[in-house]
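Report on the structure given below.
The values are calculated or read from the model by the stated rules, or taken from the named source; none is laboratory data. As the structure is a prediction and not an experimental result, all values here were calculated from the model. Cβ atoms come from the backbone with ideal geometry, glycine included; neighbour counts cover every protein chain shown. Calculation scope for accessible area: heavy atoms of the full protein, side chains included, ligands and nucleic acids excluded. Shrake-Rupley method; radii C 1.70, N 1.55, O 1.52, S 1.80 Å.
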Number of protein chains: 2
Amino acid sequence: MAPPCKLMYYPLKGIAEPIRFLLSYCNIEFEDYRFEIENWPQIKPTTPFGQTPVLEFDGITAHQSVAICRHLAKKVKLAGANDIEDLKIDAIVDTIVDLRKKITAYYYETDGAIRETLKKPLLEETIPYYMERIEAIAKKNNCHLAAGKLTWADIYFVGILDAQCYLSGKNLIADCPSLQVMQRNVLNLPGIKEWVAKRPVTDF
Amino acid sequence: MAPPCKLMYYPLKGIAEPIRFLLSYCNIEFEDYRFEIENWPQIKPTTPFGQTPVLEFDGITAHQSVAICRHLAKKVKLAGANDIEDLKIDAIVDTIVDLRKKITAYYYETDGAIRETLKKPLLEETIPYYMERIEAIAKKNNCHLAAGKLTWADIYFVGILDAQCYLSGKNLIADCPSLQVMQRNVLNLPGIKEWVAKRPVTDF
């Protein structure tokens, strides 16, 4: 990836943060372009499918945050060592995406009455259901999400965690000691530690 | 993948059909286990995250349909030839998943009033927005979704297409000549042609 490399997203951590983590870990210099929300109508038609984040590099306009993370992971041996490890990484990442989408569907629901009906099942059923199982996987995998070692699945999860806690109003890993260790380890990785220290302060 | 290989899903095409297509194309013998919907409460706790399809093979219980498809694709050279091709395949597949989730959110909405408010924007805005852009990609890629050649992205799209047309009540590719060619080509692939001829008849 030759410079310039430009990441475009809202002025938020959101689903761009795992990409910022991976770019930082890869030691790839990037422009962290954060547009103001009121400018989104002008920016939207310039994106492949009306969504961000978008990562521009080497003449490519890449979209879909998970696809971008998987691509970056291959550059620094954070992918699996074989096809079965990759399968397990991909499955847990898509599972995290499922949980993330349930949380954002609740947070961004504009109808107050509908939002209220979503809250209790999300906080008391869905989140505990997912987190109990994700924690069990981390416990079996030496405080990692797959393959018993650091992979981009760990970085993806820790990258979106702050935002998901904020949006759900709940510390997702409060009862998950293995995931707490994983979070500490990821936040101490070279590149990521420096990124987190210098990144703009945002709620989510 | 040594036999036995068992695919577990509802008695539907749904999101299991791309896996059935790929298993058939790979010439992998599999048990196409379709449980009755009333048995789901007993089956759900046996799955990794309370969801199907699940593919059991070589002592592994694989979940997440897209992850399973990506894994199968690697066995028959339907993945990209390099990391950039894989990035483009992954991005278009996750985009198709986004569209699929919008369609199923509409179809499975149980509140009649909410469902009605979802219908018009889905049929008149969301679906045309996505399909126009997916068709443009297919037109540029020689009637394929990425890399100018047959990849698992094509098989994923054609595999879920029937169900998505049924659930939305709309022929998604009616105005998409390149995607119509792609569909014909995929349905004529060795293994897939035979599978489609013999598969159980279901609405979606």
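Quote the FRET efficiency, to the nearest 0.05, computed for A:Glu31 versus A:Leu123 with a Förster distance R0 of 35 Å and r equal to the Cβ-Cβ distance. Walk me through the numbers on the way to the answer.
Details: r = 37 Å, r/R0 = 1.07.
Once rounded, the FRET efficiency stands at 0.40.
For B:His71, the solvent-accessible surface with a 1.4 Å probe is about 10 Å², rounded to the nearest 10. Listed by chain and number, the aspartates and glutamates whose C-alpha is less than 20 Å from the C-alpha of B:Lys44, apart from same-chain residues fewer than 8 away, are A:Asp94, A:Asp98, A:Glu124, A:Glu125, A:Glu132, A:Glu135, B:Glu17, B:Glu31, B:Asp32, B:Glu36, B:Glu56. First check a/c for the range A:1-128, with a ≥ b ≥ c the square roots of the eigenvalues of its C-alpha gyration tensor; if it is under 1.5, answer rounded, and if not, answer prolate when a/b is larger than b/c or oblate otherwise. Oblate is the answer for the range A:1-128, as a/c is 1.5 or above yet b/c matches or exceeds a/b. Remark: chain A carries 45 Å² of accessible area per residue (probe radius 1.4 Å; ligands, DNA and RNA excluded). When the pairs A:Lys88/B:Lys101; A:Lys75/B:Lys193; B:Lys75/B:Lys193; A:Lys74/B:Lys75 are compared against a 27 Å limit on Cα-Cα distance, A:Lys75/B:Lys193 fall above it.
If you filter the range B:128-204 for trypsin sites (Lys or Arg not before Pro), then keep DSSP loop positions with at most 15 other Cβ within 10 Å, what is left? Mind showing how you got there, number by number?
Numbers: sites: B:Arg133, B:Lys139, B:Lys140, B:Lys149, B:Lys170, B:Arg184, B:Lys193, B:Lys198; in loops: B:Lys149, B:Lys170.
The qualifying sites are B:Lys149.
Within the same chain, lysines fewer than 8 places from B:Lys198 are excluded, and of the rest, those with a Cα less than 21 Å from its Cα are B:Lys6, B:Lys13. Looking at the range B:20-105, the trypsin sites (Lys or Arg not before Pro) that sit in a DSSP loop and have at most 16 other Cβ atoms within 10 Å of their own Cβ are B:Lys77. If you filter the range B:1-85 for chymotrypsin sites (Phe, Trp or Tyr not before Pro), then keep DSSP loop positions with at most 15 other Cβ within 10 Å, what is left? Here the sparse-neighbourhood loop sites are B:Phe35.
Subtracting the Cα-Cα distance of A:Ala2 and A:Glu116 from their residue separation scaled by 0.36 nm leaves 36.3 nm.
Does the protein assembly as shown come out rounded, prolate or oblate, given a ≥ b ≥ c as the square roots of the eigenvalues of its C-alpha gyration tensor, rounded meaning a/c under 1.5 and, failing that, prolate meaning a/b above b/c? Rounded.
At a probe radius of 1.4 Å, figure out the A/B buried accessible area, summed over both chains, and give it in Å² to the nearest 100. Each step should come with its number before you reach the end.
Values: alone 10640 and 10640 Å², together 18410 Å².
Counting protein atoms only, the buried area is about 2900 Å².
The 1.4 Å probe gives accessible areas that order A:Thr61, B:Thr47, largest first, as A:Thr61, B:Thr47.
Tell me, what % of the accessible area of the range A:83-188 is carbon and sulfur with a 1.4 angstrom probe? Can you show the working numbers first?
Working: 2360 of 4660 Å².
Solvent-exposed carbon and sulfur of the range A:83-188 make up 51 percent of the total.
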